[in-house]
Amino acid sequence: MLIKIQIINGPNLNLLGKREPEIYGKMTLEDINIKIKDFCDKKKISVDFFQSNIEGEIVNEIQKLNDQKGRGLIINAAAFTHTSVAILDALSILKIPKIEIHLSNIYKREEFRQKSLISKSVDGIICGFGFESYIYAVDAIDKMIKNGN
């Protein structure tokens, strides 16, 4: 079975490399996507990328994935992590493996960033490892799908 992973990135992640590099690193989102694609190619995993600064577009993208066998979702909802009931609800309905990731360790950040609304609707959270957070999530999704989770 071909495993397909959808990666959804939220607001301001299109500014990676420019925005607070001391927190988020110097890599651009395109640089990160290339690293992820190379890793997925080696594992024979198909990967698609989506980024939006608009909450409704992210919800629409999540809704497209429902009940697709062999499919997984990695989401970095960025600022919407802390505020979006709409994304929480869309993820709650989704019946595929899903992992929330963050480049920085949100639990070492400002108090308002330490709460994730969406974490209740995902299978796991990986944060604080920079772009490697995505790589670890790809590995986890791969194992979840292969183990029938």
Relative contact order of the chain, pairs being alpha-carbon contacts under 8 Å that are 6 or more residues apart, as %: 26 percent
Exceeding the 20 Å Cα-Cα cut-off - candidates Lys43/Lys98; Lys42/Lys64; Lys44/Lys69; Lys120/Lys146; Lys44/Lys146; Lys115/Lys146: Lys42/Lys64; Lys120/Lys146; Lys115/Lys146
Checking the a/c ratio against 1.5 first, then a/b against b/c, what shape does the Cα gyration tensor give for region 98-149? oblate
What are the aspartates and glutamates whose alpha-carbon lies under 16 Å from the alpha-carbon of Lys4, with same-chain residues fewer than 8 places away excluded? Asp38, Asp41, Asp48, Glu61, Asp67, Asp139, Asp142
Please compute P(r) over all alpha-carbon pairs of region 47-108, binned at 5 Å starting from zero, and give each bin as a whole-number percent. 3, 16, 31, 27, 15, 6, 1, 0
Point-charge dipole on Cβ atoms (K/R +1, D/E -1) for region 3-146, about Cα centre, debye to 20: 420 debye
Pick out, in residue order, every one of the trypsin sites (Lys or Arg not before Pro) in region 91-148 that is DSSP loop and has at most 12 other C-beta atoms within 10 Å; say none if there are none. Lys95, Lys115
Share of alpha-carbon pairs per 10 Å distance bin for the chain, given as whole %: 12, 46, 36, 7, 0
Provide the gained length on full extension for the span Asp38 to Gln63, in nm with one decimal, where the gain is 0.36 nm per separating residue minus the Cα-Cα distance. 6.3 nm
Can you list the HN-Hα couplings for region 99-109, worked out from phi with the Karplus curve (6.51, -1.76, 1.60; θ = phi - 60°), rounded to whole Hz and with x for Gly and Pro? 10, 8, 10, 9, 5, 9, 7, 5, 7, 10, 9
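Where a number appears in this text, it was derived from the coordinates with a stated rule and is not lab data. These numbers come from a predicted model, not from an experiment. Glycine also receives a Cβ, built like all others from the backbone with ideal geometry; neighbour counts cover every protein chain displayed.
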